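Visitor: Before I ask anything, here is the structure I am working with.
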Amino acid sequence: MNTTSSRQNSMTPGSPQKQTPASSLPSGSYFKRIVSGFISLLRGMGLTVTYLTDPRTVVTQQYPENRATLLMTPRFRACLTMVRDETGAHCCTACGLCEKACPNGTISVLTMKDLSGRKMLGKYVYRLLQCTFCNLCVETCPFGAIVMGQNYELAAYDRDALVLTLHSEEDEPHA
Amino acid sequence: MELPAGFTYRPIQNGATDEYFLNMGPQHPSTHGVLRLVLRLDGENIIEIVPHLGYVHRGIEKMGENQTYLQNIHLTDRLDYLSAYSNNLALCLAIEEALEIGVPERGEYLRVMICELQRIQSHLLWWGVLGMDMGAVTSFLYGFKEREPITDIFEELCGARLTMNFFRPGGSAFDAPETFLPRVREVISSIRKAVDEFHTLLTHNVIFQERTKGIGVLSREKALAYGCSGAVLRGSGVDYDVRKNQPYSLYDQFDFSVPTGTTGDCFDRYLVRLEEMLQATNILEQAVRRFPGGPHRSKVKAQYKLPAGSYWSQVESARGLFGVYVVADGSAKPYRIKYRSPSFSNLQVLSELVIGHKIADLVAIIATLDLVIPDIDR
Amino acid sequence: MGKVGIITRGVPKLIDPLPGGRHLIDGIEFIVSWARANSLWPLVYGTACCAMEMMSTGGSRHDWARFGVEVARATPRQADLIVLAGTIVEKMSRPLVTLYQQMPGPKYVIAMGSCAISGGPFIYDSYSVVKGGGRLIPVDVYIPGCPPRPEALLYGIMQLQKIIRTEGRRNPWQVKEPYQVPVADSFSAARTAWAVAELQPLRSPSVQAIKPTRLVRPEYPEVSRQAVKNQGLSGQAILSLIQKTFPAVRPVGPDGLLTDALAAPDSPADLLVPTGSYCDLVNFLKNEPALGMDFLQWITAVDWPDRFDVVSRFLSTSKGHAVVVRTAVDRDEMVLPSLTPLFPAASWHEREVYDLFGIRFTGHPDLRRLFLDDDFPGHPLRKDFRDESRVMARPY
Amino acid sequence: MSVFPDKVLYPPNNPIGDLVRTLVPAPFSDVLNGGLAIFSLLALASLTPVVLIWLERKVAAHFQARLGPMRVGWHGTLQPVADGIKLMFKEILKPEGADTFLFFLAPILPATASFLVLTVLPFDHHLQVTDLNAGVLFVIAASGLSIFGVLLAGWSSNNKYSLLGGIRAGAQMISFEISLALLMLLIVLLSGTASLRGIVLAQQGTILDWWIFKFPLFGLVAFILFLISSTAELNRGPFDIVEAESELTGGFTTEYSGISFAMFFFAEFVNMFVAAALATTLFLGGFLAPQMGWGMLDRLLDAVPGFVWFFAKTYGVIFIYMWFRWTFPRLRVDQLMVFEWKVLLPMHLFLLAVAGFFITMEWIPL
């Protein structure tokens, strides 16, 4: 298909078939221009005053007050979290795919071996301070062991507090 | 007196003139980020201007050489963050071209719709910021007010508001949620209403017209010679739009027109962008009507390895012709990746536009060029 | 700071011993810190993506005016708060420190987004990004996110207000030190530290590797690619037109090697031009009516082991066809004639190539570095660019 | 013995002034009255900006579909207080190379100027510090002072942006001063007196006797022109080229911090109040009730104290100023000059000529 032929008549300011703003330009004599310019200003003032007088136009969400009702969308991407079942068990096999998928070294999967010599997760370090929430780690994980969390209130006073340990075998309660 | 770097005119004659140099930026409210301009002024009139770039040059092209193609998609978000989807798409198109990956119809529709939504969103922001630069602060807030519902759609779609990392070779990371179409319909009607309001508030406003008409006139020849694209080129009367001239995705199946200006002044560029928003709603309306079912992406590969060669793809982002030039060496990472940024060339023409104008006009001209500095600096 | 110190520290010392003086000073301090917390005027400062979210926070939906923050000042003299919104690169670091110094105390800094906290996505391989704004100026609150949602920024501002409210005699505001821990590759450091720890025996024999089930991924079909139609002249037609005048021009095949003919008649024209006829060819492309290449899209360079390729792409906006022109530049000479007389657009592109690759363009009117500081050592986009002090190599 | 030979502070029938005069012997009563006057005006001058800043931010917010300050006090009422206290306790910086004396003198002048104008404003029938018979002249002279502050601030800051702002301010404010003076002259011509109280009293009668409505269109045009000129004189949007943030970062206040910036900031709002009060006095019947000519209603309206009417009208005009600012884009510096010298000034002269003609033909009863 020849695209140039499918092109419709292009908009040119002042063209008669389309009501363009240019057609309402103040033109003509000195006085006519002053009057039409003045009317254009009044119309603008009319618009703003409708916003002022109509309280329904206020779109502000009052954040800390609406915290309870403020829900993020299901796909919302914030702080990475590890999926855990009701017993607190995760399903990370320490394959390290997420680590490699991460574009900027946010994740460190530190492995150890169990008694039978199989690789398992020792520590899962997540550097929130350099995470871009790009979701590549979650997309890569073959087991669905990690998800992007919904918690967006992540501000901290200390830079080091933003290095999170999502899992550490040392902290796990073991029988 | 020695001239600062970049100035080429005759040197200042001692005592002959009242010329002086004024440094604007890198932190200045109307340079839209960290652009630095050095002005040579005679009173308030600009004699010469030298832009200084690199205040947010992050070396994305170098970084891209060490990241896989998938990871590179997430870096493109950060070039022109107001057209993150278009940037994603450009890189995906290059990968698809290299690997012969096709996209299912639903995926293509999703691409077109999202890119158009993003164009509207970017233009809304531009309109607001333009108004603020001209002193009408209220327009800034009206622009952002209309922008929020679109951001909501994005957030619902991919979980992020600005840096999406959404498109993948062969489609997109997620399918459209159920609420997608109704929300797009809402946005279409609200944008059409908003554009009317914009006309009332700024376009018809006599002060605004006085400030923009005949200011920063960019001739057709100059626009082409400087490689301008997007609304800057079209404002000068060249009807070049990648969506029409080299259609990608499904743009050849949509009915829309490419608005062009006649004089190439700030007001024309302004009108072109407003009209583009309406055209984008037209595209969206058609897409909503025909939005197909089926899969949203084609077969996923674990690793994208491009065969050796060089690939080029280009899209029409909100600011103009955005392109990706990938030189692949057969590995999972590009050998060289080059982004063609529209704002880069659009800014270059600034030094031609502002000569003889006043400082206030400079602000209007920069605003109508619609620059995104990280896109220029990369 | 001297005169202010006399009033803020000297006067309380005088009043304190008076009966009830302590309470008076405490009351004043309470009011002052309350005022400071509720009147944070931010500096208009944004470098990249986070600035958009900062503007959204100022927008009607989120409206940071509710916190009294909407009085964004363009001049640092009247600002209380810098929100580091976006990446900070080396060239920007000096202006940023100057801005901070120009602000009157007490002043606060919020690092918004991962770039400002740690360099974020640009932490590895980038030769110019400062690894966190906190290294330049002291940061009070860090807000992770890329970019953080407006609510996250508002939460950060609330956290900042919380610490400002505790300010007073016992916890006076003072100019803090920037973050001074040297830049380190925390990824490798965690590895190394763990390698030492791993040697310790397991505490409990009950720990066992888990065997989770794989996620069922949806299967997507393979879709055949629809060929993109080329506009205007085909690659073959362009090639033959050019070869009539410039017989030495040869097409580059998809593998990057020279071939005799294009792979297919309508595959894109990608031509290697001898350096000698580079300018002439571009002139021909521009002025030959059948070609009419009026639009220079970009010029860049590719660093091959044996040479540099300077690549440029020309487009005909009226006809729609395009051509990629490359010419090899010798590693020893690194000189090429400039295209600026033909296309003004080439000016900045050539400056960029000069900046990042070091290729000089003769006849360029203003060949200066475009992005980097004049004293930046080396040309970073060359493959042999090494700079340990700037670049943190990707450890994986 | 009085400070002014033929006028007294708190003129006769002012309840406060009369009370003081009955209690205290003559020379001291004047001193006490003067002290009271200064105190009450200071209270007004410091309260007005607090109210106006809050109002401006709330009105702006609602123009912009948002809420504005919400979290400090009820609906952010304490927001300006917090701002003020914060600014008072900020570090004061003086740029290197700035002229120290002028740099710190400059912020005081605009505040002084607006304060001086307050002294002649008739807030109510007898609530006026002094009723100068050349009140209008005094207003013009005193408000001219504030230009010096802006000019000095621009020059002494040793900053090119400040200097540009100062130069713009000089050109703009001096030009629009002429317009304002001409309009005041027009009212003086119509009223037959230059005393502000006299001008108000000249508008006695129904609402149609106010100068704005007295002659069809004529007064209204004059009022609108007054609004425009005074907006420009106040450096408010759309004429805020002096501190055009997107062009000159902060204009003449670029280098001011802490309390010295607060002086400019507060003076700006007092100035706005003064300008609105002048508009009220000159055109809207000042403290007079808007009588409709219906007996019952008029008596009801008259029962409301005059200063309530005065403040209500003043705040109405202030709202219009805000409305302008939050609707329009800013003019360019040369357009502003063209607007003043080629549009406003000819119109003012025309109005003046028409009024003069009417009066000489005795078509307007004086």
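The values are calculated or read from the model by the stated rules, or taken from the named source; none is laboratory data. All values reported here derive from a predicted model rather than from experimental measurement. In this analysis, Cβ positions are derived from the backbone assuming ideal geometry, glycine residues included, and neighbour counts consider all displayed protein chains.
Visitor: Given the residues A:PHE76, A:PHE38, which is the only one that is within 29 Å of the chain's Cα centre (by Cα) and either under 23 Å from B:GLU146 (Cα atoms) or of a type outside the set (Ser, Thr, Tyr) (or both)? Spell out the reasoning first.
Guide: On the way: A:PHE38 fails: within 29 Å of the chain's Cα centre (by Cα).
Checking each option against the conditions leaves just A:PHE76.
Visitor: Does C:GLY134 satisfy the condition of being more than 13 Å from chain B (Cβ to nearest Cβ), modelled with pLDDT under 85 and over 19 Å from the mean Cα position of the chain (by Cα)?
Guide: Values: more than 13 Å from chain B (Cβ to nearest Cβ): yes; modelled with pLDDT under 85: yes; over 19 Å from the mean Cα position of the chain (by Cα): no.
Taking the combined requirement at face value, the residue does not satisfy it.
Visitor: Select from segment A:36-79 the residues that are among the acidic types (Asp, Glu) and either in a loop (DSSP other than H, G, I, E, B) or within 12 Å of chain B (Cβ to nearest Cβ) (or both) and list them in ascending order. Can you show your working first?
Guide: Of all residues in segment A:36-79, those among the acidic types (Asp, Glu) come to A:54, A:65.
Within segment A:36-79, A:ASP54 is the sole residue that qualifies.
Visitor: Still on this structure, I have one more. Would you say B:SER298 is more than 8 Å from every other protein chain (Cβ to nearest Cβ) and either out of contact with any helix residue (DSSP H, G or I) (no Cβ under 8 Å at 6 or more places or on another chain) or of a type in the set (Ser, Thr, Tyr) (or both)? Even if it seems obvious, please write down each step before you answer.
Guide: Working: more than 8 Å from every other protein chain (Cβ to nearest Cβ): no; either out of contact with any helix residue (DSSP H, G or I) (no Cβ under 8 Å at 6 or more places or on another chain) or of a type in the set (Ser, Thr, Tyr) (or both): yes.
For B:SER298, the condition - more than 8 Å from every other protein chain (Cβ to nearest Cβ) and either out of contact with any helix residue (DSSP H, G or I) (no Cβ under 8 Å at 6 or more places or on another chain) or of a type in the set (Ser, Thr, Tyr) (or both) - is not met.
Visitor: Counting only residues that are without any contact (Cβ under 8 Å) to a residue 12 or more places away in the chain and small (Gly, Ala, Ser), which one in segment A:99-146 is farthest from the other protein chains (Cβ to nearest Cβ)?
Guide: A:GLY117
Visitor: Looking at segment C:33-73, which of its residues are without any contact (Cβ under 8 Å) to a residue 24 or more places away in the chain, of a type in the set (A, V, I, L, M, F, W, C) and away from chain B (no Cβ under 12 Å)?
Guide: Hit for segment C:33-73 is C:ALA35, nothing else.
Visitor: Sort out for me the strands (runs of 3 or more DSSP E) sitting completely within segment B:307-378 that have 2 or more residues that are at negative phi and of a type in the set (Gly, Ala, Ser).
Guide: Details: elements: B:309-317, B:320-328, B:334-340.
So the answer is B:309-317, B:320-328.
Rundown of residues vs (1) touching a residue at least 12 places away in the same chain (Cβ under 8 Å); (2) touching a Pro at 6+ places or on another chain (Cβ under 6 Å); (3) away from chain A (no Cβ under 13 Å); (4) of a type outside the set (Phe, Trp, Tyr), yes/no style:
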position: C:VAL139; (1), (2), (3), (4): yes, no, no, yes
position: C:TYR142; (1), (2), (3), (4): yes, no, no, no
position: C:PRO147; (1), (2), (3), (4): yes, no, no, yes
position: C:PRO150; (1), (2), (3), (4): yes, no, no, yes
position: C:MET158; (1), (2), (3), (4): yes, no, no, yes
position: C:GLN161; (1), (2), (3), (4): yes, no, no, yes
position: C:ARG165; (1), (2), (3), (4): yes, no, yes, yes
position: C:GLY168; (1), (2), (3), (4): yes, no, yes, yes
position: C:VAL175; (1), (2), (3), (4): yes, no, yes, yes
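Visitor: Looking at (1) surrounded by 24 or more Cβ atoms within 10 Å (Cβ to Cβ); (2) over 19 Å from B:VAL272 (Cα atoms), can you tell me which one B:GLU186 breaks?
Guide: It is condition (1) that B:GLU186 fails.
Visitor: Kindly check whether there is at least one residue in segment A:85-98 that is in contact with a helix residue (DSSP H, G or I) (Cβ under 7 Å, 6 or more places away or on another chain), within 9 Å of chain C (Cβ to nearest Cβ) and not in a strand (DSSP E or B). Before the answer, list the steps.
Guide: The first filter runs over segment A:85-98 and keeps only residues in contact with a helix residue (DSSP H, G or I) (Cβ under 7 Å, 6 or more places away or on another chain), leaving A:97-98.
Within this subset, residues satisfying the condition of being within 9 Å of chain C (Cβ to nearest Cβ) are none.
Within segment A:85-98 (the criterion being in contact with a helix residue (DSSP H, G or I) (Cβ under 7 Å, 6 or more places away or on another chain), within 9 Å of chain C (Cβ to nearest Cβ) and not in a strand (DSSP E or B)), the answer is no, since none of the residues qualifies.
Visitor: With the checklist (1) within 30 Å of B:PRO182 (Cα to Cα); (2) within 11 Å of another protein chain (Cβ to nearest Cβ); (3) among the acidic types (Asp, Glu) in hand, flag the one item B:GLU285 doesn't pass.
Guide: Every listed condition holds for B:GLU285 apart from (2).
Visitor: Would segment C:19-34 turn up any residue that is on the phi > 0 side of the Ramachandran plot and either in contact with a Leu (Cβ under 6 Å, 6 or more places away or on another chain) or part of a loop (DSSP other than H, G, I, E, B) (or both)?
Guide: Residues of segment C:19-34 on the phi > 0 side of the Ramachandran plot: C:20.
Subset that is either in contact with a Leu (Cβ under 6 Å, 6 or more places away or on another chain) or part of a loop (DSSP other than H, G, I, E, B) (or both): C:20.
The answer is yes, given that some residue of segment C:19-34 is on the phi > 0 side of the Ramachandran plot and either in contact with a Leu (Cβ under 6 Å, 6 or more places away or on another chain) or part of a loop (DSSP other than H, G, I, E, B) (or both).
Visitor: Limited to segment D:242-258, what total is found for residues that are more than 19 Å from D:GLY144 (Cβ to Cβ), touching a helix residue (DSSP H, G or I) at 6+ places or on another chain (Cβ under 7 Å) and assigned to a helix (DSSP H, G or I)? Explain how you work it out, then say what you get.
Guide: Here is the first cut: in segment D:242-258, the residues more than 19 Å from D:GLY144 (Cβ to Cβ) are D:243-251, D:253-258.
So of that shortlist, the ones also touching a helix residue (DSSP H, G or I) at 6+ places or on another chain (Cβ under 7 Å) come out as D:243-244, D:246-251, D:253-258.
Right, trim to assigned to a helix (DSSP H, G or I) and you get D:243, D:246-248, D:251, D:253, D:258.
Result for segment D:242-258: 7.
Visitor: Of the residues that make up segment D:126-138, is at least one modelled with pLDDT of 80 or more, of a type in the set (Gly, Ala, Ser) and within 15 Å of the chain's Cα centre (by Cα)?
Guide: yes
Visitor: Between a first residue in segment B:214-238 that is of a type in the set (Phe, Trp, Tyr) and a second residue that is not in a helix (DSSP H, G or I), which pairs have beta carbons less than 7 Å apart while being 6 or more apart in sequence or on different chains?
Guide: B:TYR226/B:VAL349; B:TYR226/C:PRO344; B:TYR226/C:ALA345
Every residue, every condition in (1) more than 43 Å from the chain's Cα centre (by Cα); (2) hydrophobic (A, V, I, L, M, F, W, C); (3) assigned by TED's automatic domain parsing to the domain that holds C:CYS115; (4) farther than 30 Å from C:MET92 by Cα, yes or no:
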| residue | (1), (2), (3), (4) |
| --- | --- |
| C:ASP16 | yes, no, no, yes |
| C:ARG22 | yes, no, no, yes |
| C:ILE25 | yes, yes, no, yes |
| C:PHE30 | no, yes, no, yes |
| C:SER33 | no, no, no, yes |
| C:TYR45 | no, no, yes, no |
| C:ALA48 | no, yes, yes, no |
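Visitor: More than 7 Å from every other protein chain (Cβ to nearest Cβ) and in a loop (DSSP other than H, G, I, E, B): which single residue out of B:LEU41, B:LEU79 fits that description? Explain how you work it out, then say what you get.
Guide: Details: B:LEU41 fails: in a loop (DSSP other than H, G, I, E, B).
Testing whether each residue is more than 7 Å from every other protein chain (Cβ to nearest Cβ) and in a loop (DSSP other than H, G, I, E, B) leaves just B:LEU79.
Visitor: Across segment C:359-375, what is the total count of residues that are crowded, with 17+ Cβ neighbours inside 10 Å and over 17 Å from the mean Cα position of the chain (by Cα)?
Guide: Looking only at that region, the number is 5.
Visitor: Now, a different point. Is there a residue in segment D:282-302 that is under 14 Å from the mean Cα position of the chain (by Cα), more than 14 Å from chain B (Cβ to nearest Cβ) and part of a helix (DSSP H, G or I)?
Guide: yes
Visitor: In segment C:4-18, what count of residues is obtained for those that are out of contact with any Asp or Glu (no Cβ under 9 Å at 6 or more places or on another chain) and either in a helix (DSSP H, G or I) or modelled with pLDDT under 70 (or both)?
Guide: Here is the first cut: in segment C:4-18, the residues out of contact with any Asp or Glu (no Cβ under 9 Å at 6 or more places or on another chain) are C:5-11, C:13-18.
Checking the rest, the ones that are also either in a helix (DSSP H, G or I) or modelled with pLDDT under 70 (or both) come to C:5-11, C:13-15.
Qualifying residue count for the region: 10.
Visitor: Take the conditions among the charged types (D, E, K, R), surrounded by fewer than 22 Cβ atoms within 10 Å (Cβ to Cβ) and within 26 Å of C:GLU333 (Cα to Cα) and apply them to C:ASP294. Does it pass?
Guide: Working: among the charged types (D, E, K, R): yes; surrounded by fewer than 22 Cβ atoms within 10 Å (Cβ to Cβ): yes; within 26 Å of C:GLU333 (Cα to Cα): no.
Judged against the criteria, C:ASP294 is not a match.
Visitor: Given (1) modelled with pLDDT under 80; (2) surrounded by fewer than 19 Cβ atoms within 10 Å (Cβ to Cβ); (3) more than 27 Å from the chain's Cα centre (by Cα), identify the lone condition not met by D:SER29.
Guide: (2)
Visitor: Filter segment B:351-377 down to the residues that are closer than 16 Å to C:ALA345 by Cα and more than 16 Å from the chain's Cα centre (by Cα), then identify the one that is surrounded by the fewest Cβ atoms within 10 Å (Cβ to Cβ).
Guide: B:GLU352
Yes/no matrix, rows are residues, columns are (1) in the same structural domain as C:ARG351 (by TED's automatic domain parsing); (2) of a type in the set (A, V, I, L, M); (3) outside any loop (DSSP other than H, G, I, E, B); (4) under 28 Å from B:TYR248 (Cα atoms):
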| site | (1), (2), (3), (4) |
| --- | --- |
| C:GLU222 | no, no, no, yes |
| C:ALA248 | yes, yes, no, no |
| C:GLY276 | yes, no, yes, no |
| C:PRO289 | yes, no, no, yes |
| C:ALA301 | yes, yes, yes, yes |
| C:PRO305 | yes, no, no, no |
| C:ASP332 | yes, no, no, no |
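Visitor: Does at least one position in segment B:44-60 carry a residue that is part of a helix (DSSP H, G or I) and either closer than 17 Å to B:PHE344 by Cβ or without any contact (Cβ under 8 Å) to a residue 40 or more places away in the chain (or both)? Give the derivation first.
Guide: Here is the first cut: in segment B:44-60, the residues part of a helix (DSSP H, G or I) are B:60.
Next, from what is left, pick out any that are either closer than 17 Å to B:PHE344 by Cβ or without any contact (Cβ under 8 Å) to a residue 40 or more places away in the chain (or both): B:60.
Among the residues of segment B:44-60, at least one is part of a helix (DSSP H, G or I) and either closer than 17 Å to B:PHE344 by Cβ or without any contact (Cβ under 8 Å) to a residue 40 or more places away in the chain (or both), which makes the answer yes.
Visitor: Tell me which residues, restricted to segment C:93-120, are surrounded by fewer than 20 Cβ atoms within 10 Å (Cβ to Cβ) and part of a loop (DSSP other than H, G, I, E, B).
Guide: The one that is surrounded by fewer than 20 Cβ atoms within 10 Å (Cβ to Cβ) and part of a loop (DSSP other than H, G, I, E, B): C:GLY105.
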